[in-house]
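What follows is a set of notes on a single structure, which appears directly below.
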Amino acid sequence: MALFCTQVFSAKKKKADKDVAQDDVAVPVENVAQPQENNADSVKLPSGKKRTYFSKIDSEILADVENGSPASLRAAMTKIRKNESEYSESERVLIAVAADIMRIAWQSERVTWDVFEVREENPYTGAINSAKNGIYDSSTGNVDFLTQVLPSLVFLTTNSIPEDYAIQAQKSLLDALFVNEDSVLANYLIGILYERKNEFEKAEKYLNKAYSFSDSTLELGLAYARILNQNGKSDEAATLLAKFSAVDPKNILILKQNAYIAFSQKDYALAEDYVARVLQQTPNDLEFLLFRARIYIEKNDYIHASTLLDIYGRQNDSNLDYLVLRARLQLDWSKDMDSATRTVEKALQIYPNNSDLLMIAARISSATDSPVAGKYADELAEKVLARDPENQNALVYALDGLMQRENWQEAYEISRKIVNSAKSSSDVISRHITICLKLKKKAEAMEVAKSAYTRHPQDEIILQSYIFAYTESETRDSAISFINSMLASENVSKKIKSYLYYRRSFLQPNEDAVLADLRSSLKDSPRNSDALFRLYEIYFARSDYKKAQYYLKQVVSINPNDSSVKKLNEALTQLMN
């Protein structure tokens, strides 16, 4: 593998890399003290130039250390090797720096050279010691390549990095890459930084470059595979990791990454196999205990998932992933909306802006027509849409919330957007037709309904929407004739016949005819909640509260999560008492 030599910092900077994106520029640091030049690092010369701390060391040795790959670090240490008494202090510092880069960045590699005591303070080992303690050292002075890069080793020692550190690190690393675009270490560190910032396309670019220069380095392979998988390139990620697996099939880091890749490919059996192999080695690994529960939920194996979540919850009941999985289990298995609501509300207190939690909360609000954490479905979905405007599920939940609160105009704007997309479902088309009719846009409702029915004549949701649009848009006589012709057809299911009777009840001239149609509707489909609710309304208007409640209780039984129907039943019970 070729080793790439770099220019020392005092040399004239090369032309900027044409491949660097225009938005990949050094970010100005705001509200952060600017680093000052450190006297230990440079000595000012009469000419106004400065001599770097490592000026007396062979430039090839320094270039190898700046490259930072395991191979180049070993090459540098081979070149610098001499008797211990012959090392200068700056050489001792460079040897110590190379060793710490290896230990922090490339933990799968061994330090194969002697490391000597460093006797004087300097910005290089100072930056590394700060990084080991989870601190980004901004006092290095940024006077050469290594002082720009070494503080960012902190990204490999801690997961918690303040925003101002990230801004300063991005600027320093980009400045370093301007000097030496081929440094494996600098490309790796800025790739990790962009990954932390969820800028995955940028992360892939830099990690790809680092990996291309050092493709046998495990840490680079794992990081690059992780980003490929994140960017939807799971096949490439799996292929990349295969060569590492062949060398070390029991390596737990490789097994973990393969588990995540298999999961993203929806190969849950393979993912579970990898997880089992991880847990065989580390049975107390809570992360993968939780991951196994997630796999079980995706496989609808709720019993095993519940057991694992109970075990995990006794160790940590405030973990984000645990709370998300617990809420999903409560919704999809036990159908316990109240428990799911409590779980999500607890989670949102800790993680108020998490998209997964907001989506679950919106789902619950949409199903119950009641607020979760004080907000309705559209308000919860709005937070997700602010970050991801094309999120189809969030758009649907926003639509549900607006419809439930009868905000028809805003609902129309969203439903039109979804209907015009390639991902519109029968339910969304049905909602759009309802919204159009509420806004008296009868022509549009008929156009959408007729088009959808022509494309999907066997879809009962579409057929019901077509019947609804027709009976609301045409004359009474035309609508009754249309319904009667469909009722006479032998190809119409009982569910559709029930709906036809229900729709015809709105066209009847007197209440007896209305009641007759509603009874016929229930004869074909006893659980037609629309017909049952209309009977409740009729008897409630007559003040026949006993019969009204008889029908309303059936609606509650069919729709146990609908809070608006529950409230009507509670109010009716109080009225009767």
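The aspartates and glutamates within cross-link reach of LYS546, meaning a Cα-to-Cα straight distance under 16 Å and a gap of 8 or more places when in the same chain, are GLU537, GLU570.
Once both labels are positioned 7 Å from their Cα atoms along Cα-to-Cβ, the gap between ALA246 and ARG342 label points is 5.5 nm. Solvent-accessible area of region 323-412 (1.4 angstrom probe, protein heavy atoms only): carbon and sulfur portion equals 45 percent.
Here the dipole of the chain is about 1380 debye; that uses its Cα centre as origin and unit charges on the Cβ of Lys and Arg (positive) and Asp and Glu (negative). Taking 7 Å steps out from each Cα toward its Cβ at SER543 and SER478 produces label points 4.2 nm apart. Modelled spin labels at ASP114 and ASN208, positioned 7 Å past Cα toward Cβ, are 4.5 nm from each other. The slack between ARG519 and ARG314, meaning 0.36 nm per residue of separation minus the straight C-alpha distance, is 68.5 nm. Solvent-accessible surface of region 70-156, taken per residue with a 1.4 Å probe and all protein chains present: 40 Å².
In region 370-424, taking the dipole from charged Cβ atoms about the Cα centre, the farthest positive-side position among GLN392, ALA381, GLN409 is held by GLN392.
Once the Cα atoms are used to define both axes, helix 355-368 deviates from the longest principal axis of the chain by about 10 degrees. What's the angle, to the nearest 10 degrees (0 to 90), between helix 89-105's Cα axis and the longest principal axis of the chain? The angle comes out near 20 degrees. For LYS417, the lysines whose Cα comes closer than 22 Å to its Cα, not counting residues fewer than 8 places off in the same chain, are LYS383, LYS438, LYS440, LYS441, LYS442, LYS450. When a 1.4 Å probe is rolled over the protein heavy atoms, the share of accessible surface on region 223-306 that falls to carbon and sulfur comes to 51 percent.
Shape call for region 348-458 from the C-alpha gyration tensor, a ≥ b ≥ c root eigenvalues: rounded (a/c under 1.5), prolate (a/b greater than b/c) or oblate? Here region 348-458 falls in the prolate category. Per residue, region 341-478 exposes 50 Å² of accessible surface when a 1.4 Å probe is rolled over the protein heavy atoms with every protein chain present.
Of the trypsin sites (Lys or Arg not before Pro) found in region 494-547, the ones in coil according to DSSP and having at most 12 other Cβ atoms within 10 Å of their Cβ are ARG542.
Length available on full extension from LEU270 to GLU570: 0.36 nm per residue minus the Cα-Cα distance, which gives 102.9 nm. Summed over the residues of region 212-281 and divided among them, the accessible surface reaches 46 Å² per residue at a probe radius of 1.4 Å. Length gain on complete extension for the stretch THR78 to ARG103, per 0.36 nm per residue less the alpha carbon to alpha carbon distance? Using 0.36 nm per residue and subtracting the Cα-Cα distance, I get 7.2 nm. Separation of region 321-398 from region 138-205 is 35 Å, based on Cα centroids. With point charges of +1 on the Cβ of Lys and Arg and -1 on the Cβ of Asp and Glu, referenced to the Cα centre of the chain, which listed residue (ALA513, VAL275, ILE167) lies farthest in the positive direction of the dipole? Result: ALA513, furthest along the dipole toward the positive end.
Computed in the context of the full set of protein chains, the accessible area of region 142-220 at 1.4 Å probe radius has 46% of its extent on carbon or sulfur.
Given the alternatives [x] 110, 49, 46; [y] 85, 65, 52; [z] 89, 64, 58, Cα extents along the principal axes in Å as computed for this entry is given by [x]. Principal-axis analysis of the Cα atoms of the chain puts helix 337-350 at an angle of about 30° to the longest axis.
The values are calculated or read from the model by the stated rules, or taken from the named source; none is laboratory data. Computed from a predicted structure; not experimentally measured. Note: ideal-geometry Cβ built from the backbone for every residue, glycine included; neighbour counts use all protein chains shown. The area values use the complete protein model at the heavy-atom level, side chains included, leaving out ligands, DNA and RNA. Shrake-Rupley method; radii C 1.70, N 1.55, O 1.52, S 1.80 Å.
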